[in-house]
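Okay, structure first, notes after.
The values are calculated or read from the model by the stated rules, or taken from the named source; none is laboratory data. Predicted, not measured: the structure shown is a model, and the values here were computed from it. Neighbour counts are summed over all protein chains in view; Cβ atoms, including those assigned to glycine, are modelled from backbone coordinates with ideal geometry. Protein only, heavy atoms only, side chains kept; ligands, DNA and RNA dropped before computing areas. Shrake-Rupley method; radii C 1.70, N 1.55, O 1.52, S 1.80 Å.
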Amino acid sequence: MKTIYHAANTRGIANHGWLNSHHTFSFGGYYDPDRTNFGVLRVINDDTVAGGQGFGTHPHNDMEIISIPLEGDLAHRDSMGNGGVIRQGDIQVMSAGTGIRHSEMNANTDRAVKFLQIWVLTRKNGVEPRYQQIRIADSATPNDFQQILSPNPDDAGVWIHQDAWFSLADFSDGTSKHYDVKRDGNGVYIFVIKGSAKIGEIVLNERDGLGVWDTDGFDVSAIGDSQILLMDVPMDVRSATNQ
């Protein structure tokens, strides 16, 4: 099993006043040639947006974009006519495809919104843009892996145009579960949202990340009550395109 560890305090930081963002991988003004991606996982931005502020209308194409609110409410609008509020316990995905314009704003003026913005390289360019938002909190099972994203429209969670599976684990202190990698050639990036976790002999604290590959599976153990995001993605980026 191969691993790469990214401590929370080694991430890139962009603080614009209204936006405080921590970048696991190179993004915007932060560039580290050794941290551009993990397989087809291209972006993990840990964003805090001040009340009443947000990202104005801007374009994307040929990218799978996932948003997971952690605190507060995020208001979404896009060029396909979708609009609404994404809350803690929801997940949103956009397949940008041939092109989409959207905005993401803090829906409240009196408190910040915190969310993860994740980009995955698509395996199929030029698709028709699509949007999906679902509630995941109501179907969560404590102390188990909850699938929240897959390549299959009929599976649990949202779906994207990539052979990727995301799972969310809400583990109480001392819980240990074995995770099986979903597909040959995939690796898993583990991101600790809160608490701490142990993978093998490696201890991850809040907002730490660990990439794991060349293995069929591994054990995830919670240290304290913890919330852990696992992103199971292809390691071969040759079939994916970043545009």
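Here the calculated FRET efficiency for ARG135 and GLU201, from their Cβ-Cβ distance with R0 = 35 Å, stands at 0.45, rounded to the nearest 0.05.
GNM on the chain, alpha-carbon springs under 10 angstrom: the most fluctuating residue among ASP163, ASP90, ASP180 is ASP180. The apolar share of the surface of the chain, taken as the fraction of accessible area on carbon and sulfur atoms (1.4 Å probe, ligands and nucleic acids excluded), comes to 44 percent. With a Förster radius of 30 Å applied to the C-beta separation of HIS178 and LYS124, the computed FRET efficiency comes to 0.40. Here the gap between THR98 and ALA50, fully extended at 0.36 nm per residue and compared with their Cα-Cα distance, gives a gain of 14.2 nm. Heavy-atom accessible surface of the chain, averaged per residue, reaches 43 Å², computed with a 1.4 Å probe.
Taking every C-alpha pair closer than 8 Å and separated by at least 6 residues, the mean separation divided by the residue count of segment 153-243 gives a relative contact order of 40 percent. From the alpha carbon centroid of segment 40-71 to that of segment 185-218 is 22 Å. Within the straight-line cut-off of under 21 Å between alpha carbons, the lysines reachable from LYS2 are LYS177, LYS182, LYS198, sequence neighbours fewer than 8 places apart in one chain being disregarded. How would you classify segment 43-180 from its alpha-carbon gyration tensor, with a ≥ b ≥ c the square roots of the eigenvalues: rounded for a/c under 1.5, else prolate if a/b is greater than b/c, otherwise oblate? Oblate is the answer for segment 43-180, as a/c is 1.5 or above yet b/c matches or exceeds a/b.
Loop-located trypsin sites (Lys or Arg not before Pro) in segment 188-243 (DSSP state not H, G, I, E or B) with no more than 12 neighbouring Cβ atoms inside 10 Å: ARG238. Can you tell me the relative contact order of the chain? Whole percent, Cα pairs under 8 Å, sequence separation 6 or more. Computed over the chain, the figure is 20 percent.
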